[in-house]
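Read through the structure below, which is laid out as structure tokens, and then see the notes.
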Amino acid sequence: MYEAVTNGIRVRVQPDYSEQQSTPVDNRYFWTYTVEIRNESGIAVQLRTRHWRITDQQGRLEEVRGRGVVGKTPLLKPGESFSYTSGCPLSTPSGIMVGSYQMIDEKGAAFDVAIPAFSLDSPFARRTVN
């Protein structure tokens, strides 16, 4: 589990390698990841946009930007949470994802919330000790 807190918004991410959706002989590796966004602040917030930076094992970077998550822009009152599951394909056996959500609070102020960096490691990834 990976976790970050920004302005009272806690983001937890749990990645999982998907053998069913991967075909290593074709250099296709797939992960699902479940994100929980919890509002621990004292003010309601709404998720507006997402920005992902996905880097594969070869250092190739892909950026993904868009409105909401899984077609939704959830409004979270204090104490509420929202969870969703999505996926990420890579052409290498490992990589890393990191990003941010843009939120807007009930007063109309926009701010960014960090999505913690998390590792995408398949059973085919070469392990090294750093």
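The number of residues in the range 22-62 being among the β-branched types (Val, Ile, Thr), surrounded by fewer than 18 Cβ atoms within 10 Å (Cβ to Cβ) and over 26 Å from Pro93 (Cα atoms) comes to 2.
Test Arg65 against the stated conditions and say whether it is farther than 16 Å from Asp121 by Cα, over 10 Å from the mean Cα position of the chain (by Cα) and surrounded by fewer than 17 Cβ atoms within 10 Å (Cβ to Cβ). Yes. Within the range 83-130, the only residue that satisfies the criterion of being of a type in the set (Lys, Arg) and under 27 Å from Thr73 (Cα atoms) is Lys107.
No lab work stands behind these numbers, since they all come straight from the coordinates. Just so we're clear, the structure is a prediction, and the values are computed from it rather than from any experiment. Every residue, glycine among them, receives a Cβ derived from its backbone with ideal geometry; neighbour counts consider all protein chains shown.
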